[in-house]
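Contents: one structure, followed by commentary.
The values are calculated or read from the model by the stated rules, or taken from the named source; none is laboratory data. Since the structure is predicted, the reported quantities are computational estimates derived from the model, not experimental observations. We place every Cβ from the backbone using ideal geometry, glycine too, and count neighbours over all the protein chains shown.
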Amino acid sequence: MRKQFKYIIIIVLSFGILFSFQTAFAGNVDIHGFVSQGYLRSSDNNFLNDSNKGSFEFNEMGINFGYDTGSDVTVGAQLFARDLGDFGNDKVSVAWAFGDYKWKSWMGFRAGMMKFALGLYNTTRDIDSLRTTIILPQSVYNEWYRDVSQGTKGAQIYGHLSLGYAGLLDYTLQVSGTQVPIDSGTAKFFLDRNSTVTTLDAIDVDTTYGAALIWYTPLDGLLLGVSGFSTNAKYTVNNSTAVIDNPDFRESILSVEYTLNRLTLASECMYTTSRNNVYLLSNPSIILVDDERIQNTNYYFSGAYRFTDWFEGGLYYSKSEAFYNGTGPDNELKDICLSTRFDISPAMVFKLETHFMKGLFGVDPGTDGTRDDKWNLYAAKVSYTF
């Protein structure tokens, strides 16, 4: 508890510093932030935190600022802290910090620590007030991979291309490097899905190349997107005695979103491929798995409707499958989610959510040490933005 208060104090002090900075450069600095507190409880199993007995270890807070130099250059940064079960623990970190030079409307440049342009919602997932749901569909927006898909260091080229009567095209080209700590959510998820791995000693990820295209079609409210990246990943495991090598790791996402008045429909499909090589570190010539091709396809369908100015309802179906080929409940997770959102004020949002789950992929045993492949997850969350 003391540690959590310490981090909150740091964020408050940071806000004070940035407020002073804004006063000194009045009119050129934008300061925004958010605080959210959630609660998870599941009928069986543990998911994301100790949800089987109910847990408040589900919160986020952040403060960001942007400075307009008065030319075509802007700079910005965000401090961010979150708690999700054993991870985050309200530790303050730099979520993003970059400089942006907008040369032309059709070409700009960014460099620094940035969010990876991937899918429809990866770059905005920190801001809870922008969506109906509490938990994004895990088939595409896996919560454990969040520390990898956000805060990558590198450079981007981006732009907006007018296609005349054919609409508008947004593009992003990016190259980045990612450091993955062995105590991260990504590491936990890797250990959970690899039963033969006893320890994870190091994760090495090569330079990542990515691209994203969003086409705002001539049909008002309809956008289509494609995004993806390519890299190589290597995992040193089992007390540094073996290496799991995933060369040519590629991920592609097809996206569609349609908004008509108060109705929003969306769907995304993620296709991942790689090759799997396992060899002994002491003697790389001893190959345990030789060039095994691995792949999976995850997807979701969602809909949301704004009934009144203060109430919105949402529904999605999400299907995730294990990266390694296999069948049965251990290798998939199906999720039917019902969401309700209440706008208490322009700055405060309260949400309630129920998930009807089938499957055990990414699911931990409950308090009794067992797992049930048919279970429910209940979530509540309140968020404040400024």
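In table form, for the structure just shown:
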| read-out | value |
| --- | --- |
| Candidate set from the stretch 61-113 (those that are in a loop (DSSP other than H, G, I, E, B) and among the charged types (D, E, K, R)); member that is farthest from N28 (Cα to Cα) | D86 |
| Subset of the stretch 70-114 (residues that are within 18 Å of K153 (Cβ to Cβ), small (G, A, S) and without any contact (Cβ under 8 Å) to a residue 24 or more places away in the chain) | A77, A97 |
| Boolean, L168 is free of Cβ contacts under 8 Å to residues at least 60 places away in the same chain, surrounded by 14 or more Cβ atoms within 10 Å (Cβ to Cβ) and either within 21 Å of the chain's Cα centre (by Cα) or under 17 Å from G119 (Cβ atoms) (or both) | no |
| Among the candidates Y141, Y158, residue that is among the aromatic types (F, W, Y), touching a residue at least 12 places away in the same chain (Cβ under 8 Å) and in a strand (DSSP E or B) | Y158 |
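Matching residues to (1) part of a strand (DSSP E or B); (2) over 18 Å from the mean Cα position of the chain (by Cα); (3) among the aromatic types (F, W, Y):
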residue: K188; (1), (2), (3): no, no, no
residue: V197; (1), (2), (3): no, yes, no
residue: A202; (1), (2), (3): yes, yes, no
residue: G228; (1), (2), (3): yes, no, no
residue: N232; (1), (2), (3): yes, yes, no
residue: I244; (1), (2), (3): yes, yes, no
residue: E251; (1), (2), (3): yes, no, no
residue: S255; (1), (2), (3): yes, no, no
residue: T272; (1), (2), (3): yes, no, no
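Each row is one residue, and each column tells you yes or no for (1) within 18 Å of the chain's Cα centre (by Cα); (2) among the hydrophobic types (A, V, I, L, M, F, W, C); (3) at pLDDT 85 or above; (4) crowded, with 16+ Cβ neighbours inside 10 Å.
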position	(1), (2), (3), (4)
S20	no, no, no, no
A24	no, yes, no, no
N28	no, no, no, no
S42	no, no, yes, yes
L48	yes, yes, yes, yes
E60	yes, no, yes, yes
T74	no, no, yes, yes
Q78	yes, no, yes, yes
D83	yes, no, yes, yes
